[in-house]
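Peer 1: Structure in structure tokens, see below.
Each value in this text was obtained by applying a stated rule to the coordinates, not by laboratory testing. From a predicted model like this one, the values you see are computed outputs, not experimental measurements. For neighbour counting, all protein chains shown are included, and Cβ atoms are generated from backbone atoms with ideal geometry for every residue, glycine included.
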Amino acid sequence: MKNIDAPFISNANKPKTDNYYKAVRMLDINVAEAVMVGDQLFTDIYGANSCRMPNILVNYMRYDDEEKIGIRRHVEKSLLSLYKKNKSYQNRLGDIQLKG
């Protein structure tokens, strides 16, 4: 991981909410002003929702040398496919691909 000279919390123990609140205190903002960007439904997004923090679920990026993905990733994939079929969520879940 490259150092980008930004504050961070190591071993955040997500989805527990303590470090979400610690992060907003570190930044001297309130929860409504923060946005959690994460690629894991059961940790990143669940924890942010527990804090009522706005959040964005991004696509999981797997490195070429990674062969194994966890059981949670398979469950997430199944849940997201169900959400995509529900019309009320179609503006919240997208297939946006960032190029960079």
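Peer 1: Name the long-range amide H neighbours of MET36: under 5 Å, sequence gap of 5 or more, or other chain; modelled H, no Pro or chain starts.
Peer 2: ASN55, ILE56
Peer 1: Using the Karplus curve 6.51 cos²θ - 1.76 cosθ + 1.60 with θ = phi - 60°, work out ³J(HN,Hα) for each residue of the range 40-51 in order, rounded to whole Hz, and write x for Gly and Pro.
Peer 2: 10, 5, 8, 10, 4, 6, 4, x, 5, 4, 4, 8
Peer 1: Work out, step by step, the length gained on full extension between ARG73 and ILE4: first 0.36 nm times the residue separation, then minus their alpha carbon distance; give nm to one decimal. Working shown, then result.
Peer 2: Details: separation 69, 0.36 × 69 = 24.84 nm, distance 2.79 nm.
Extending this stretch completely gives an extra 22.1 nm.
Peer 1: Taking 0.36 nm per intervening residue step and subtracting the Cα-Cα distance, what contour gain separates LEU80 from ASP39 on full extension? Each step should come with its number before you reach the end.
Peer 2: Details: separation 41, 0.36 × 41 = 14.76 nm, distance 1.21 nm.
So the extension gain works out to 13.5 nm.
Peer 1: Rank by packing, highest mean first: peptides 26-36, 3-13, 42-52, with packing defined as the count of other Cβ atoms within 10 Å averaged across residues. Display every interim value, and only then the final one.
Peer 2: Numbers: 26-36: 12.2, 3-13: 8.1, 42-52: 17.5.
Final packing ranking: 42-52, 26-36, 3-13.
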